[in-house]
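Let me begin by presenting the structure, written as C-alpha cells, before commenting on it.
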Amino acid sequence: MQPLTLIKAISANKITITDMLHIKEEAVRCLLCEDAPCTKACKTGDPARAIRAIRFDNAQNAQKWTSMCSEADLERAEKACIHYDMPIRIRELLRSAFTTDPTVATLAGDALPSLDIQFCGIPCENPFFLASSAVCTNYEMVANAFEAGWAGVFYKTICKQDIHEVSPRFDAVKEGTTFAGFRNMEQLSENPYNVDFDILRRLKQDYPSKIVVASIMGQFEEEWMELAKMAEEAGCDAVELNFSCPQMRLAGMGSDIGQDPELVNFYTSYVKRAVKIPVIPKMTPNITQMTRPAMGAYFAGADAISAINTIKSVTMSPLAEVSGKQTLSGYSGRAVKPIALRHILEMSMDPVINGSHGKPVELSGIGGIETWRDALDFIQLGCRNVQVCTAVMQYGYRIIDDLVLGLQTYMAERGIKQLEELVGEQLPNFVLPSDLDRDTMVYPKIDREKCIGCGRCFRSCMDGGHQAISFDNESRQPRIIGKKCVGCHLCRLVCPTEAIGITKRINKKTE
C-alpha cells in the first residue's frame with residue numbers, strides 16, 4: 001500500500017492504528033500542548049491527559065479521563081488537534097489503548113498501594129525527587145513541584161563561587177520532537193548562597209512533609225563544612241555533596257574530586273563530622289569504576305550515594321556554539337539510562353557498599369528516567385529513591401502523575417503492598433558473563449499476521465547477523481533458516497511491527 005493510500009485508509013477508519021504502528025508511537029507524536037485544544041473541544045473528558053498517560057507507559061489508566069466521552073466528543077477533539085503534521089488519531093488511539101482487564105479497569109485511587117518509603121531514615125511519600133539541576137533553582141519552581149506531587153528535591157548545587165553561565169547552554173540529540181539525549185553546559189546555582197539557603201528554609205517551613213536536600217560544592221574542606229552546616233541550620237533533611245559536575249570552570253572541583261577516592265573520602269569525612277543530617281555524595285560516571293570513589297564515601301560514613309551525574313560529551317551543532325566556540329559538557333536523558341543502571345548495579349552488588357559486611361549505603365538513582373518503568377528499573381537494582389531532571393525539562397512537573405499512578409498500578413497488579421518489596425528485587429538475576437548459560441538457545445519466531453513484509457529482518461541479518469533469514473521478493477515473506485540461526489535476536493529488535501517473537505529455550509545441538 002502506498003503512503004498516500006495508507007493515510008486515506010486510516011482517515012476512512014478502514015484500518016486501525018495498531019495495523020499501522022504501535023499505540024505508543026502515535027502517543028509520542030502528541031505535542032503535549034499546554035491548555036490542550038483537544039480537551040477544550042471535547043468538553044466531557046480530558047483526551048490530552050489520556051494520551052499523556054499512554055505516552056508515559058500508563059495506558060491501562062488512560063480511560064479514566066475519557067470514559068464519559070462519546071464518539072462525537074472525541075471527533076471534535078481530533079479536529080481541534082493543532083499538530084504541525086497529521087493530527088493525532090485520538091479516537092483510534094484511545095480505543096486501542098483501553099484495557100479489557102476488569103481488575104485493572106476497576107482500580108480506584110484508594111485501592112492502590114501507597115508508595116511511601118524511607119530514604120536515609122527519612123519518611124518519603126513516594127520515591128520521586130527532582131534532581132539538582134535547572135528544574136529546581138528557586139522557591140516558586142520547587143513549590144510548584146511539591147504541589148504537583150513530587151516527594152522531594154535535591155536543590156540546585158549551592159556554592160560560594162561567583163557563577164556566570166553561557167548562552168546558549170543546552171543542546172539535544174533529537175528523535176522527532178523528543179530528546180534522545182540532552183547536553184547541558186550549566187554549572188551551579190547563580191543565586192548568592194545565603195539567598196539559596198533562605199529559599200530552602202522557607203520551603204521546609206511551608207512544606208514540612210516534603211523532603212528538602214541541599215546540594216553543595218566547596219573548594220576546600222572549611223568551605224564544604226560551612227555550606228553543610230548552613231544546610232542543616234536551614235532545616236534541610238539531608239545534604240548532597242556534588243563530587244560530579246563535569247563542566248566546572250575551576251580545577252579541583254566537581255568531577256575532579258569524584259574521580260579520586262581519597263578526595264571523596266577526605267571531603268565526605270569533614271562534612272560528616274560537621275553535621276548530623278544524612279550526607280549523600282554524588283558520584284561521577286566519568287570514570288572506569290564508580291565503586292572505587294564510592295568505597296571512599298562508604299569508609300567516610302556516607303549515608304547514601306547519588307548516581308549518576310551527566311556524562312562528558314560533545315555535540316557538533318553550530319546552534320550550540322558560544323561566540324563560535326564549543327566545549328565538553330554533560331550529557332543526560334534517555335540515552336544514558338543503561339550506563340546509569342550499570343553503575344547502580346555494580347555498587348549494589350559490591351559486598352562492602354551493599355552492607356554484606358556491615359552497614360549498607362543507600363542509593364539514589366539518576367539518569368534517563370522518564371516513565372515509571374524507568375524508575376522501577378532503578379528501584380529493582382537497589383535504589384530507594386530516584387531523581388529526575390531531563391524529562392521534567394521536556395515535559396514539566398506534570399509527569400509525576402503518571403510516575404506515581406503507573407508504579408501504583410504495577411504494584412497492585414502484582415499484589416505488592418509496600419514499595420520496599422521491590423528494592424533490589426532483580427539483583428539475584430545478575431551474574432558474571434562467565435556464569436551465563438551458554439548451552440541453550442532461543443529461536444526467533446515470525447508471526448505472519450503481524451508481518452508486513454518490509455524485509456528489515458532479512459537485511460539486518462544478512463549484513464549484521466548470521467545470514468539466517470531468506471526473503472522472497474514476490475511474496476515478501478521472510479523465513480528463518482534454522483541451521484544458520486544462532487538465536488542472536490537482531491531480527492526481533494529491528495522489526496517495526498513486533499512480528500518476531502521468541503520460542504522456548506532448548507539445548508543447542510551437539511555435533
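Output the 0 to 90 degree angle, nearest 10, between the alpha-carbon long axis of helix 193-206 and the longest principal axis computed from the alpha carbons of the chain. Taking Cα atoms only, the helix is inclined about 70 degrees. About its Cα centre, the dipole of region 106-174 is roughly 280 debye, where the only charges are +1 on Lys and Arg Cβ and -1 on Asp and Glu Cβ.
Carbon-plus-sulfur accessible fraction, region 370-511 (probe radius 1.4 Å, protein heavy atoms only): 50%. With both labels modelled 7 Å from their Cα along Cα-to-Cβ, the residue 116 to residue 477 distance reads 6.0 nm. Rounded to 0.05, the FRET efficiency of the residue 454 and residue 35 pair, given R0 = 25 Å and the Cβ-Cβ distance, is 0.05.
Taking every DSSP beta bridge that has both ends in region 361-511, the antiparallel portion is near 70%. Could you pull out the pairs from 483/504; 276/359; 174/445; 483/508; 64/337; 229/282 whose alpha carbons sit more than 21 Å apart here? Violating the 21 Å Cα-Cα cut-off are 174/445; 64/337. Taking amide hydrogens as placed 1.01 Å from N in the peptide plane, the amide H of residue 83 sits under 5 Å from those of 88, each at least 5 positions away in sequence or on another chain. Karplus-derived 3J(HN,Hα) values for region 319-328, using 6.51 cos²θ - 1.76 cosθ + 1.60 with θ = phi - 60°, are 5, 9, 5, 10, 6, x, 10, 10, 7, 6 Hz; glycine and proline are entered as x.
Ranking of 334, 459 by solvent-accessible surface, largest first: 459, 334 (1.4 Å probe, protein heavy atoms only, all chains present).
Pop the C-beta distance of residue 319 and residue 138 into the FRET formula with R0 = 45 Å and round what comes out to the nearest 0.05. After rounding, the FRET efficiency stands at 0.95. Extension gain for residue 262-residue 426 works out to 55.9 nm (0.36 nm per residue, less the C-alpha to C-alpha distance).
Close amide H pairs (under 5 Å, H built 1.01 Å from N) link residue 118 with 124, residues at least 5 positions away or on another chain. With every protein chain in place and a 1.4 angstrom probe, the accessible-area ranking of 308, 23, largest first, reads 23, 308. The C-alpha atoms of the chain define a longest principal axis, and helix 400-414 lies at about 70 degrees to it. The length gained on full extension between residue 220 and residue 198, counted as 0.36 nm times the residue separation minus their Cα-Cα distance, comes to 5.6 nm. Take every pair of alpha-carbon atoms less than 8 Å apart whose residues are at least six positions apart; their mean separation over the length of region 321-411 yields a relative contact order of 27 percent. Dividing the mean sequence gap of close Cα pairs (under 8 Å, 6+ apart) by how many residues region 160-238 holds gives a relative contact order of 24 percent. Calculated mean residue ellipticity, 222 nm, the chain: -10000 deg cm²/dmol, from DSSP H runs (n ≥ 4) at -39500 (n - 2.57) each, averaged per residue and rounded to 500.
Annotation for residue 436 and residue 83: the two label points, set 7 Å from Cα along the Cα-Cβ direction, are 3.8 nm apart. Gain on full extension, evaluated as 0.36 nm per residue between residue 205 and residue 504 minus their Cα-Cα distance, stands at 101.9 nm.
Using θ = phi - 60° in the Karplus curve 6.51 cos²θ - 1.76 cosθ + 1.60, the 3J(HN,Hα) couplings for region 332-342 round to 9, x, 4, 5, 8, 4, x, 6, 4, 5, 4 Hz; x is entered for Gly and Pro.
Summed over the residues of the chain and divided among them, the accessible surface reaches 47 Å² per residue at a probe radius of 1.4 Å. Each of [x] 71, 62, 48; [y] 75, 68, 55; [z] 73, 68, 43 is a candidate for Cα extents along the principal axes in Å; the one calculated from this structure is [y]. Restricting the GluC sites (Glu not before Pro) of region 19-49 to loop positions (DSSP other than H, G, I, E, B) with no more than 11 neighbouring Cβ atoms within 10 Å leaves 34. Taking R0 as 22 Å, what's the FRET efficiency between residue 299 and residue 356 from their Cβ-Cβ distance, rounded to 0.05? The computed FRET efficiency comes out at 0.90. For the chain, the share of DSSP beta bridges that are antiparallel, to the nearest 5, is 50%. With every protein chain in place and a 1.4 angstrom probe, the accessible-area ranking of 343, 466, 164, largest first, reads 164, 466, 343. Take residue 46: with every protein chain present and a 1.4 Å probe, its accessible area is about 50 Å². Across the chain, the relative contact order, built from alpha-carbon pairs under 8 Å that are at least six residues apart, equals 12 percent.
By how many degrees, 0 to 90 and rounded to 10, does the Cα axis of helix 221-233 deviate from the longest principal axis of the chain? Tilt of helix 221-233: around 80 degrees. Remark on residue 219: its backbone amide H falls under 5 Å from those of 224, a criterion applied only to residues 5 or more positions apart or on other chains, H modelled at 1.01 Å from N.
The values are calculated or read from the model by the stated rules, or taken from the named source; none is laboratory data. Just so it is clear, the structure is predicted and the values come from calculations on it, not from any experiment. With ideal geometry, Cβ positions are generated from the backbone for all residues, glycine too; neighbour counts draw on all protein chains shown. Quick note on the areas: whole protein, heavy atoms, side chains included, nothing else; ligands and nucleic acids left out. Shrake-Rupley method; radii C 1.70, N 1.55, O 1.52, S 1.80 Å.
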